[in-house]
Each structure stands twice: as structure tokens, then as C-alpha cells.
Amino acid sequence: FYSVEWEARVQADLAAIFAEVDVMVCPTGMVPALPAGDDIADHVVTVGDRRVETVHHLEAFFAMPFNMASRLPVFAVPTTARHDGPPASVQVVGRPFDAPTAARVAAC
């Protein structure tokens, strides 16, 4: 799943994006939350009414690329509570080492 080549590709893709924009606003995850007591070993998440196989349960969340690209400041901003309980949020991701700009956008 994880390799140095994959990390280099993620870093290059993010560098290209941040050559064009100051921040990205994107979902925190493709699922609202993993069910309590869920067996993360089965590597299947439900998106809408569709079951999606993943290599690792962390693929259900869009934080992985930004965790790998650790120079990027990321703020999770709550957006709403879902009807079934779990909160929803978006991520505000800034250019490398530019936490002040990302924080200003996240505060909006």
C-alpha cells in the first residue's frame, strides 16, 4: 500500500495543485464515520448504498495524503451534524508551511 514512490507522486501532485491555489477545501472523508465496533480488518466501507473495498480502512478518509505531505497545514472544520449523529467536516489544506493562510480560511 505505502511506498516511497507513492509518497513522491502525492508530493508532486500536491505541489502542482498549490502552484495554482493558496488553499484547498475538501471533504474529510468519504464516509461520515466508521461504525463503533466495526471490524476494520474487513477493509470494506459503505458509500451511499455501495460497498467499496479498500486496501486499508484509512482510505475511507481523505487525510492520508496530507498526513504523508506533513509540511501542509490542515484544519478540520465542522460543517454540520448528520441526521444519524456523526458530525461532518471539511478540511482546509494550505500550502507548505503556510498555516496563517489556511487558518484564516478555516476561521471563515
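The values are calculated or read from the model by the stated rules, or taken from the named source; none is laboratory data. Everything numeric here is computed off the predicted structure, so don't read it as measured data. Note: ideal-geometry Cβ built from the backbone for every residue, glycine included; neighbour counts use all protein chains shown. Calculation scope for accessible area: heavy atoms of the full protein, side chains included, ligands and nucleic acids excluded. Shrake-Rupley method; radii C 1.70, N 1.55, O 1.52, S 1.80 Å.
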- prompt: Could you list, in sequence order, the residues of region 90-104 that are of a type outside the set (Val, Ile, Thr) and outside any helix (DSSP H, G or I)?
  reply: Gln91, Gly94, Arg95, Pro96, Phe97, Asp98
Candidate set: region 1-40, residues that are part of a helix (DSSP H, G or I) and among the acidic types (Asp, Glu); chosen: the one modelled with the lowest pLDDT: Glu7
Of residues in region 76-108 being loosely packed, with under 11 Cβ neighbours inside 10 Å and within 19 Å of Met64 (Cα to Cα), the one modelled with the highest pLDDT: Phe97
- request: Out of the residues in region 7-23 that are open to solvent by less than 60 Å² (accessible area, probe 1.4 Å) and in contact (Cβ under 8 Å) with a residue 60 or more places away in the chain, state the one that is farthest from Arg104 (Cα to Cα).
  value: Glu7
- line: Taking region 41-75 and the residues there that are touching a strand residue (DSSP E or B) at 6+ places or on another chain (Cβ under 7 Å), modelled with pLDDT under 70 and assigned to a loop (DSSP other than H, G, I, E, B), the one that is farthest from Arg104 (Cα to Cα) would be His43
